[in-house]
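Q: Take this structure first; my questions come after.
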Amino acid sequence: MNRETILRRRIKLLTWVFILGLIVSGATAIPLQSELNLLANFFVANGESSEMTRWLLRVREALAQTQAQHPFLFYGTDWLAFGHFVIAIVFIGALRDPVRNRWLFDFGLIACVLVIPYALVFGGLRGIPVWWRLIDCSFGVLGFVPLWLCRRWALELERLRK
(Lines give C-alpha, C1' and ligand atoms only; values in the text may rest on other atoms or scores of the structure.)
Protein backbone atom coordinates (compact mmCIF):
# COMPACT_ATOMS: atom_id res chain seq x y z
CA MET A 1 0.00 0.00 0.00
CA ASN A 2 1.47 3.38 -0.94
CA ARG A 3 1.77 6.38 1.37
CA GLU A 4 -1.09 8.32 -0.26
CA THR A 5 -3.54 5.46 0.31
CA ILE A 6 -2.44 5.12 3.93
CA LEU A 7 -2.88 8.86 4.54
CA ARG A 8 -6.32 8.92 2.89
CA ARG A 9 -7.50 6.01 5.03
CA ARG A 10 -6.22 7.63 8.23
CA ILE A 11 -7.85 10.95 7.36
CA LYS A 12 -11.12 9.23 6.51
CA LEU A 13 -11.14 7.24 9.76
CA LEU A 14 -10.41 10.21 12.04
CA THR A 15 -12.78 12.50 10.15
CA TRP A 16 -15.53 9.92 10.68
CA VAL A 17 -14.62 9.75 14.38
CA PHE A 18 -14.99 13.54 14.56
CA ILE A 19 -18.28 13.53 12.61
CA LEU A 20 -19.73 10.80 14.82
CA GLY A 21 -18.61 12.69 17.93
CA LEU A 22 -20.49 15.77 16.71
CA ILE A 23 -23.60 13.72 15.96
CA VAL A 24 -23.58 11.99 19.36
CA SER A 25 -22.89 15.28 21.14
CA GLY A 26 -25.74 16.95 19.29
CA ALA A 27 -28.13 14.07 19.90
CA THR A 28 -27.50 14.25 23.66
CA ALA A 29 -28.61 17.89 23.70
CA ILE A 30 -32.21 16.91 22.93
CA PRO A 31 -33.35 14.51 25.71
CA LEU A 32 -31.64 16.41 28.53
CA GLN A 33 -34.13 15.64 31.26
CA SER A 34 -34.24 11.87 30.73
CA GLU A 35 -30.45 11.68 30.38
CA LEU A 36 -29.93 13.67 33.54
CA ASN A 37 -32.44 11.48 35.41
CA LEU A 38 -30.46 8.39 34.40
CA LEU A 39 -27.14 9.93 35.41
CA ALA A 40 -28.39 11.30 38.73
CA ASN A 41 -30.16 8.03 39.59
CA PHE A 42 -26.96 6.11 38.85
CA PHE A 43 -24.93 8.23 41.28
CA VAL A 44 -27.61 8.20 43.97
CA ALA A 45 -28.15 4.42 43.63
CA ASN A 46 -24.42 3.88 44.12
CA GLY A 47 -24.49 5.84 47.37
CA GLU A 48 -22.51 8.74 45.99
CA SER A 49 -22.76 11.91 48.04
CA SER A 50 -20.05 13.79 46.23
CA GLU A 51 -20.08 17.35 44.95
CA MET A 52 -20.87 15.92 41.52
CA THR A 53 -23.95 14.09 42.81
CA ARG A 54 -25.20 17.24 44.55
CA TRP A 55 -24.62 19.24 41.37
CA LEU A 56 -26.45 16.69 39.20
CA LEU A 57 -29.41 16.67 41.58
CA ARG A 58 -29.50 20.49 41.56
CA VAL A 59 -29.41 20.60 37.76
CA ARG A 60 -32.06 17.87 37.52
CA GLU A 61 -34.36 19.89 39.78
CA ALA A 62 -33.77 23.04 37.71
CA LEU A 63 -34.49 21.19 34.47
CA ALA A 64 -37.69 19.72 35.89
CA GLN A 65 -38.87 23.17 36.99
CA THR A 66 -37.98 24.67 33.65
CA GLN A 67 -39.76 21.87 31.78
CA ALA A 68 -42.87 22.36 33.90
CA GLN A 69 -42.95 26.17 33.76
CA HIS A 70 -41.08 27.17 30.60
CA PRO A 71 -40.73 24.20 28.22
CA PHE A 72 -40.11 26.51 25.26
CA LEU A 73 -36.61 27.22 26.62
CA PHE A 74 -35.60 23.71 25.57
CA TYR A 75 -36.02 24.87 21.98
CA GLY A 76 -32.56 26.39 22.46
CA THR A 77 -31.02 22.98 23.09
CA ASP A 78 -32.85 21.64 20.03
CA TRP A 79 -31.07 24.30 17.99
CA LEU A 80 -27.80 23.43 19.72
CA ALA A 81 -28.25 19.86 18.48
CA PHE A 82 -29.07 21.15 14.99
CA GLY A 83 -25.83 23.16 14.96
CA HIS A 84 -23.83 20.04 15.81
CA PHE A 85 -25.57 18.10 13.03
CA VAL A 86 -24.92 20.82 10.44
CA ILE A 87 -21.23 21.10 11.37
CA ALA A 88 -20.97 17.30 11.08
CA ILE A 89 -22.47 17.47 7.58
CA VAL A 90 -19.95 20.12 6.55
CA PHE A 91 -17.10 17.75 7.38
CA ILE A 92 -18.28 15.44 4.60
CA GLY A 93 -16.31 17.83 2.39
CA ALA A 94 -13.14 16.76 4.18
CA LEU A 95 -14.03 13.12 3.50
CA ARG A 96 -14.47 13.83 -0.20
CA ASP A 97 -11.28 15.82 -0.75
CA PRO A 98 -9.13 16.38 2.34
CA VAL A 99 -6.52 18.44 0.49
CA ARG A 100 -8.86 20.88 -1.23
CA ASN A 101 -11.03 21.10 1.89
CA ARG A 102 -8.17 21.28 4.38
CA TRP A 103 -9.65 24.56 5.60
CA LEU A 104 -12.31 22.46 7.38
CA PHE A 105 -9.62 21.01 9.62
CA ASP A 106 -8.40 24.57 10.35
CA PHE A 107 -11.97 25.65 11.10
CA GLY A 108 -12.46 22.68 13.44
CA LEU A 109 -9.15 23.29 15.20
CA ILE A 110 -10.06 26.94 15.82
CA ALA A 111 -13.48 25.91 17.15
CA CYS A 112 -11.91 23.30 19.46
CA VAL A 113 -9.45 25.84 20.85
CA LEU A 114 -12.28 28.34 21.43
CA VAL A 115 -14.22 25.79 23.49
CA ILE A 116 -11.74 26.26 26.33
CA PRO A 117 -12.04 30.02 26.99
CA TYR A 118 -15.75 29.89 26.18
CA ALA A 119 -16.40 27.17 28.76
CA LEU A 120 -14.19 28.79 31.38
CA VAL A 121 -15.56 32.33 30.96
CA PHE A 122 -19.25 31.68 30.39
CA GLY A 123 -19.32 28.73 32.75
CA GLY A 124 -17.90 31.00 35.43
CA LEU A 125 -20.50 33.67 34.68
CA ARG A 126 -23.28 31.08 34.95
CA GLY A 127 -22.03 29.54 38.21
CA ILE A 128 -20.92 26.23 36.69
CA PRO A 129 -18.42 24.42 38.97
CA VAL A 130 -14.81 24.46 37.79
CA TRP A 131 -14.66 20.67 37.55
CA TRP A 132 -17.67 20.69 35.18
CA ARG A 133 -16.11 23.44 33.06
CA LEU A 134 -13.00 21.27 32.76
CA ILE A 135 -15.18 18.41 31.49
CA ASP A 136 -16.57 20.82 28.88
CA CYS A 137 -13.01 21.89 27.98
CA SER A 138 -12.08 18.26 27.44
CA PHE A 139 -14.40 18.14 24.41
CA GLY A 140 -12.27 20.82 22.77
CA VAL A 141 -9.11 18.87 23.54
CA LEU A 142 -10.60 15.55 22.36
CA GLY A 143 -11.78 17.14 19.11
CA PHE A 144 -8.46 18.89 18.53
CA VAL A 145 -6.36 15.73 18.38
CA PRO A 146 -7.98 13.98 15.38
CA LEU A 147 -8.36 17.27 13.50
CA TRP A 148 -4.71 18.17 14.05
CA LEU A 149 -3.63 14.77 12.75
CA CYS A 150 -5.96 15.06 9.74
CA ARG A 151 -4.60 18.51 8.93
CA ARG A 152 -1.03 17.26 9.16
CA TRP A 153 -1.80 14.29 6.91
CA ALA A 154 -3.68 16.48 4.41
CA LEU A 155 -0.60 18.71 4.16
CA GLU A 156 1.52 15.63 3.55
CA LEU A 157 -0.91 14.46 0.86
CA GLU A 158 -0.64 17.86 -0.80
CA ARG A 159 3.17 17.59 -0.85
CA LEU A 160 2.94 14.10 -2.37
CA ARG A 161 0.79 15.44 -5.21
CA LYS A 162 3.40 18.02 -6.25
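Q: Run down 81, 40 and say which single residue is in contact with a Gly (Cβ under 7 Å, 6 or more places away or on another chain) and either crowded, with 16+ Cβ neighbours inside 10 Å or assigned to a helix (DSSP H, G or I) (or both).
A: Numbers: 40 fails: in contact with a Gly (Cβ under 7 Å, 6 or more places away or on another chain).
Answer to the check: 81.
Residues are listed down the side, and each one gets a yes or a no for (1) part of a helix (DSSP H, G or I); (2) aromatic (Phe, Trp, Tyr); (3) more than 16 Å from the chain's Cα centre (by Cα); (4) modelled with pLDDT under 95:
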site: 89; (1), (2), (3), (4): yes, no, no, no
site: 95; (1), (2), (3), (4): yes, no, yes, no
site: 99; (1), (2), (3), (4): no, no, yes, no
site: 107; (1), (2), (3), (4): yes, yes, no, no
site: 113; (1), (2), (3), (4): yes, no, no, no
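Q: Please enumerate the residues belonging to the stretch 119-131 that are without any contact (Cβ under 8 Å) to a residue 24 or more places away in the chain and either open to solvent by 50 Å² or more (accessible area, probe 1.4 Å) or not in a helix (DSSP H, G or I) (or both). Outline the logic, then answer.
A: First, pick out the residues of the stretch 119-131 that are without any contact (Cβ under 8 Å) to a residue 24 or more places away in the chain: 119-128, 130.
Within the stretch 119-131, 120, 121, 122, 125, 126, 127, 128, 130 meet the criteria.
Q: Further question: Every residue in the stretch 132-162 that is basic (Lys, Arg), more than 30 Å from residue 55 (Cα to Cα) and assigned to a helix (DSSP H, G or I), please. Let's see the steps before the verdict.
A: Narrowing the stretch 132-162 to residues basic (Lys, Arg): 133, 151-152, 159, 161-162.
Adding the requirement that they be more than 30 Å from residue 55 (Cα to Cα) leaves 151-152, 159, 161-162.
Of everything in the stretch 132-162, those that are basic (Lys, Arg), more than 30 Å from residue 55 (Cα to Cα) and assigned to a helix (DSSP H, G or I) turn out to be 151, 152, 159, 161.
Q: Scanning for something within 24 Å of residue 58 (Cβ to Cβ), modelled with pLDDT of 95 or more, open to solvent by less than 60 Å² (accessible area, probe 1.4 Å) and out of contact with any Phe, Trp or Tyr (no Cβ under 7 Å at 6 or more places or on another chain), does the stretch 139-159 turn up at least one residue?
A: Just the residues of the stretch 139-159 that are within 24 Å of residue 58 (Cβ to Cβ), to begin with: 139.
Still in the running and modelled with pLDDT of 95 or more: 139.
Next, from what is left, pick out any that are open to solvent by less than 60 Å² (accessible area, probe 1.4 Å): none.
Checking the stretch 139-159: not a single residue is within 24 Å of residue 58 (Cβ to Cβ), modelled with pLDDT of 95 or more, open to solvent by less than 60 Å² (accessible area, probe 1.4 Å) and out of contact with any Phe, Trp or Tyr (no Cβ under 7 Å at 6 or more places or on another chain).
Q: Here are some residues: 116, 11. Which one is open to solvent by less than 80 Å² (accessible area, probe 1.4 Å) and under 30 Å from residue 162 (Cβ atoms)?
A: Numbers: 116 fails: under 30 Å from residue 162 (Cβ atoms).
Exactly one residue qualifies, and that residue is 11.
The values are calculated or read from the model by the stated rules, or taken from the named source; none is laboratory data. This one's a predicted model, so the numbers in the text were calculated from it and none came from an experiment. No Cβ is skipped: glycine too gets one built from the backbone with ideal geometry, and neighbour counts run over all protein chains shown. The area values use the complete protein model at the heavy-atom level, side chains included, leaving out ligands, DNA and RNA. Shrake-Rupley method; radii C 1.70, N 1.55, O 1.52, S 1.80 Å.
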